[in-house]
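Step one of this worksheet: look at the structure below.
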Amino acid sequence: MNKLFNLKDIQKLTGLKAGRIRYWEKIGLISPSLSRHSGRHYYTFADLVSFKTAKELLDEGVSLRKVRSSLKKLEKILPTVSRPLARLRIDADGRGGLVVRHEGIQFEPQGQMLLEFSLKHLKRRSQVKSFPLSSDAQYWFDRGCSLDSIPASLDLAIESYERALQIQPNFPDALTNLGNIYYHKGEMEKAKECYRKSLSFDPNHVAANYNLANMFEEEGVPPQAIFYYKRALSADPLFADAHFNLGLVFEKLQLKKRAKPHWKKFIELDPYSEEAALARKFLEE
């Protein structure tokens, strides 16, 4: 039987954050090959390769929107090739686009064939990294996403998200990701401000509610933590981590009856994790 990977395996092997993996799944960029045990996802080796390829392309400066649109084009011209990120050789061309290699042929995703001298030209150009001006908020958001998982490029990620917000101030995802960076830098008030701004535009934003709840829990303010965990779960009732954290808050407050349904739901959603063993322990008590 082929080896299967869980979410933590994918995080460890690719360096991607869980939020990024879930976001790519949500937008349909990469979907888990298998779903078993009450909705828990498992990934195949092809899925792992897909995640690695997508991350490499974004690290090379290709926007997420460009990757998605290119994959749709490849599905049309190569309908028999499933999971092209895993099955095809796909490289960045140094200008924000892609070059595909398949059965000895080199072409762009729209089907335009490339001659070898063209590829050499593109390779030379790819050695010069550019940070182009753009009026597209999505471009800067995607750029920020490709940079915010690399400690050395956090300042560039902040700049990217801020440019996205200059173009589109009501961009909850950009505000939330910017808040995440400030949180990891220890700038808690800036992080909190970003999350609150995100929620002012989208009160049901799952990540902003969840992250703000985490901050209030760390600060020892249970009522606020409970409020935002509940809002996250109202938007996404199958958010296992929110059930787990809310259960912990209730346990700390000695509200075991209120914790109980969250432990049960967490075990249902993620039955084989280490946290599930702890949830079962709380239920037994």
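The values are calculated or read from the model by the stated rules, or taken from the named source; none is laboratory data. Every value quoted in this text rests on a predicted model; they were computed, and no experiment measured them. FYI the Cβ positions are ideal-geometry reconstructions off the backbone, even for glycines, and counts take in every protein chain you see.
Across the range 75-94, the qualifying residues are those that are touching a Gly at 6+ places or on another chain (Cβ under 9 Å) and outside any strand (DSSP E or B), and the one among them that is surrounded by the most Cβ atoms within 10 Å (Cβ to Cβ) is G94.
Scanning the range 245-262 for any residue that is among the hydrophobic types (A, V, I, L, M, F, W, C), within 20 Å of K26 (Cβ to Cβ) and not in a helix (DSSP H, G or I) turns up nothing. Every test in (1) among the charged types (D, E, K, R); (2) at pLDDT 95 or above; (3) surrounded by 20 or more Cβ atoms within 10 Å (Cβ to Cβ) is passed by K260 save one, and that test is (3). What's the number of the only condition in (1) surrounded by fewer than 17 Cβ atoms within 10 Å (Cβ to Cβ); (2) of a type in the set (F, W, Y); (3) out of contact with any strand residue (DSSP E or B) (no Cβ under 8 Å at 6 or more places or on another chain) that Y272 fails to meet? Unmet condition: (3).
Once the range 12-21 is narrowed to residues that are assigned to a helix (DSSP H, G or I) and within 20 Å of V206 (Cα to Cα), the residue that is nearest to the chain's Cα centre (by Cα) is R20. Every condition in (1) closer than 18 Å to G19 by Cβ; (2) without any contact (Cβ under 8 Å) to a residue 40 or more places away in the chain; (3) not small (G, A, S) holds for D270 except the one numbered (2).
When restricted to residues that are small (G, A, S) and surrounded by 20 or more Cβ atoms within 10 Å (Cβ to Cβ), the range 220-239 contains 2. Residue pairs whose Cβ atoms lie under 8 Å apart, sitting 6 or more positions apart in sequence or on different chains, and linking a residue in the range 56-85 that is free of Cβ contacts under 8 Å to residues at least 40 places away in the same chain and not assigned by TED's automatic domain parsing to the domain that holds I150 to a partner that is assigned to a helix (DSSP H, G or I) and among the small types (G, A, S), are V67/A54; R83/A46; R83/S50.
Out of curiosity, is E25 within 18 Å of F239 (Cα to Cα) and at pLDDT 80 or above? Taking the combined requirement at face value, the residue satisfies it.
Against the definition (in contact with a Leu (Cβ under 8 Å, 6 or more places away or on another chain) and among the small types (G, A, S)), how does A232 come out, yes or no? Considered against the rule, which asks whether it is in contact with a Leu (Cβ under 8 Å, 6 or more places away or on another chain) and among the small types (G, A, S), A232 comes out as no.
The numbered conditions (1) within 25 Å of K55 (Cα to Cα); (2) surrounded by 18 or more Cβ atoms within 10 Å (Cβ to Cβ) are all true for I150 except (2). Among the residues here, S70 qualifies as of a type in the set (S, T, Y), in contact with a strand residue (DSSP E or B) (Cβ under 9 Å, 6 or more places away or on another chain) and modelled with pLDDT of 80 or more. Among the residues of the range 168-186, those identified as part of a helix (DSSP H, G or I), farther than 17 Å from D59 by Cβ and touching a Phe, Trp or Tyr at 6+ places or on another chain (Cβ under 7 Å) are P172, D173, A174, T176, L178, G179.
Within the range 191-213, being of a type outside the set (A, V, I, L, M, F, W, C) and surrounded by fewer than 16 Cβ atoms within 10 Å (Cβ to Cβ) holds for E193, R196, S200, P203, N204.
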